[in-house]
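This report refers to the structure that appears directly beneath it.
The values are calculated or read from the model by the stated rules, or taken from the named source; none is laboratory data. Just so it is clear, the structure is predicted and the values come from calculations on it, not from any experiment. Reconstructed Cβ throughout: ideal geometry from the backbone, glycine too, with neighbour counts over all protein chains shown. With ligands, DNA and RNA removed, areas are computed over all heavy atoms of the protein, side chains included. Shrake-Rupley method; radii C 1.70, N 1.55, O 1.52, S 1.80 Å.
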Amino acid sequence: MDVALILEYSWVLLVLIALEGVLSADNALVLAIMVKHLPEEERKKALLYGLAGAFVFRFASLFLISFLVDVWQIQAIGALYLLFIALNHLFRKHVVNKHGGPDKDKKKDRKKSGFWPTVIKVELADIAFAVDSILAAVALAMALTPTGLGMVGSLDVGQFAVVFIGGLVGLLIMRFAATKFVVLLEKRPGLESAAFIIVGWVGVKLVVTVLAHPELALIDSHFPHSTGWKVFFYSVLVLIVLAGWFLSKEKDPEELAEKKKEIKENL
């Protein structure tokens, strides 16, 4: 494996880990709130069992997707789904919430579940979170230059390894490093929107892959792997991250300190 290929794979893996970190931060907070009503010892077990189930699901679904990823209909569904979750999040955050969405405080208190029902809820939430990140990771990995080391379904071994490592790191972040990412999102809230814009941008990349599929051939089949497209794609991706960072308005230090305390209590 030459230096250029190592750098290409390292860069995409870094992007995946950062994306997983930002997306997993909110997910981890949701899971923490879901188990908050349990005693401390049961709370930790519920999260552990939930994440163990998520790991099994991710591993199994990654194998399934690796065999279906070359089917253009599957690619098209994945592209539409990624675009939908990106646009849906941005619409709800920047349009619905700004114009007064439903008041969360007015929701009725729900009956608190026991240990195993809570574990099942955590499992289902983990699966929902995994779908988004796996699709985004596979879409990113598909553009990588094949290593020639072998195939796992329709994915090169190197591509498969990048997606698997990215997903594994995402789970570890969700369990052990989520607090730092949640605090970072509180400090730089624009990064959350940037992450979902990246998800949408990855959806656009998948659309390009679909249009170049041999069965459709609406654009040149070599275009998704061309240097020009790759440079343009990653340049836009970097600009999105920079915009999310520098356009964020930092919160008041006292307000941020209170939020940090609340996050630590939840996670």
Which stretch or stretches of region 148-162 have amide N atoms under 19 Å from the point lying 7 Å from GLU215's Cα along the Cα→Cβ direction?
153-156
Quick query: amide H of ILE219 versus all other amide H atoms, modeled in the peptide plane; which residues come in under 5 Å with a sequence gap of 5 or more or a different chain?
ALA212
In terms of the ratio Rg/(2.2 N^0.38 Å) built on C-alpha atoms, what value belongs to region 134-199?
1.36
Report ³J(HN,Hα) in whole Hz for each residue of region 142-157, in order, from the Karplus equation J = 6.51 cos²θ - 1.76 cosθ + 1.60 where θ = phi - 60°; Gly and Pro get x.
4, 7, 5, 5, x, 7, x, 8, x, 10, 10, x, 9, 9, 5, 3
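For a 31 Å ceiling on Cα separation, which of these pairs sit above it: LYS121/LYS180; LYS36/LYS205; LYS121/LYS205; LYS44/LYS205; LYS44/LYS187; LYS93/LYS121? Write out the running numbers ahead of the final one.
Working: LYS121/LYS180 24 Å; LYS36/LYS205 39 Å; LYS121/LYS205 33 Å; LYS44/LYS205 39 Å; LYS44/LYS187 27 Å; LYS93/LYS121 24 Å.
Listed pairs above 31 Å: LYS36/LYS205; LYS121/LYS205; LYS44/LYS205.
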According to a simple spin-label model (label point 7 Å from Cα along Cα-to-Cβ), what is the distance in nm between ALA125 and LYS230?
3.9 nm
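Can you tell me the length gained on complete extension of the stretch VAL30 to LEU64, counting 0.36 nm per residue apart and subtracting the Cα distance?
Values: separation 34, 0.36 × 34 = 12.24 nm, distance 2.73 nm.
Taking VAL30 through LEU64 to full extension adds about 9.5 nm, to one decimal.
Among HIS222, HIS94, what's the order by accessible area (1.4 angstrom probe), most exposed first?
Details: HIS222 135, HIS94 80 Å².
So the residues, ranked largest to smallest area, are HIS222, HIS94.
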